[in-house]
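J.: My structure is below; once you've seen it, I'll send some questions.
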Amino acid sequence: METVEDLIRDFSAKLGSIAGEFGTRADQIISSGRVEMQSAPDGPPDLVARARSIVASRKARRKFFPADLFHEPAWEMLMSLFIVYEGEHTMNVKALVSCSDAPATTSQRWIDHLHKSGLIDRVTDTIDRRRIDISLSERGHDAMVRYLSDVVVS
């Protein structure tokens, strides 16, 4: 009998596979010249697509390998913050912790480390002081743009 954990793991693997397939098909369409990428004022939008593709491929690994082999909560948080940077711009701590696939205490230590490193900003809500919003700092965003511009995704 499957446990809830097994069902969630199976569902996550299937979603990762679908995301990977979607990324592969999107890359094929773009490389065939049927779609031309447009540039935005803050940089090319293909960097967000590239970040999403990297996240999807990292999640797809869980279908073949134990998840703890590739545990990088700080990286998962940076990628998630980059993806939301242009839209919502921030994530609350709870949402960011869920993106990291790590226990809350481990994620909180990484959030503290990323903040001390100047890669993220933390803003406490003035109305509800329990709520803290996290965003990439300008330095963190610039580093992600440089990385994603340099890395080749296949």
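J.: Can you list the HN-Hα couplings for the range 50-64, worked out from phi with the Karplus curve (6.51, -1.76, 1.60; θ = phi - 60°), rounded to whole Hz and with x for Gly and Pro?
T.: With coefficients 6.51, -1.76 and 1.60, one gets 5, 5, 4, 5, 5, 4, 4, 5, 5, 5, 5, 4, 5, 5, 10 Hz.
J.: Out of residues 5 or more away from Arg131 or on other chains, whose amide H comes under 5 Å of its own, with H placed 1.01 Å from N in the peptide plane?
T.: Result for Arg131 returns Asp125.
J.: Please compute the modelled spin-label separation between Asp142 and Glu72, points set 7 Å along Cα→Cβ, answer in nm with one decimal.
T.: Once both label points are built, they end up 2.2 nm from each other.
J.: In what order, largest first, do Ile54, Ile127 sit by accessible area if the probe radius is 1.4 Å?
T.: Descending accessible area places them as Ile127, Ile54.
J.: If you don't mind, another one. Multiply the residue gap between Thr105 and Asp125 by 0.36 nm, knock off their C-alpha separation, and tell me the result in nm, one decimal place.
T.: Taking Thr105 through Asp125 to full extension adds about 5.1 nm, to one decimal.
J.: Check which residues have an amide H placed less than 5 Å from Glu86's amide H, if you skip close sequence neighbours.
T.: none
J.: For the ranges 81-87, 114-120, 102-108, what's the packing order if you count other beta-carbon atoms within 10 Å of each residue, average per peptide, and put the highest first?
T.: Packing proxy ranking, top to bottom: 81-87, 114-120, 102-108.
J.: Please compute, for the alpha-carbon atoms of the range 82-154, the extent along each of the three principal axes and give them in descending order in Å.
T.: Cα extents, longest axis first: 41, 25, 22 Å.
J.: Share of the range 63-154's accessible area from carbon and sulfur, percent, 1.4 Å?
T.: Carbon plus sulfur share of accessible area: 55 percent.
The values are calculated or read from the model by the stated rules, or taken from the named source; none is laboratory data. Because the structure is a prediction, the values reported are computed rather than measured. For neighbour counting, all protein chains shown are included, and Cβ atoms are generated from backbone atoms with ideal geometry for every residue, glycine included. Accessible surface areas use protein heavy atoms only, side chains included; no ligands, DNA or RNA. Shrake-Rupley method; radii C 1.70, N 1.55, O 1.52, S 1.80 Å.
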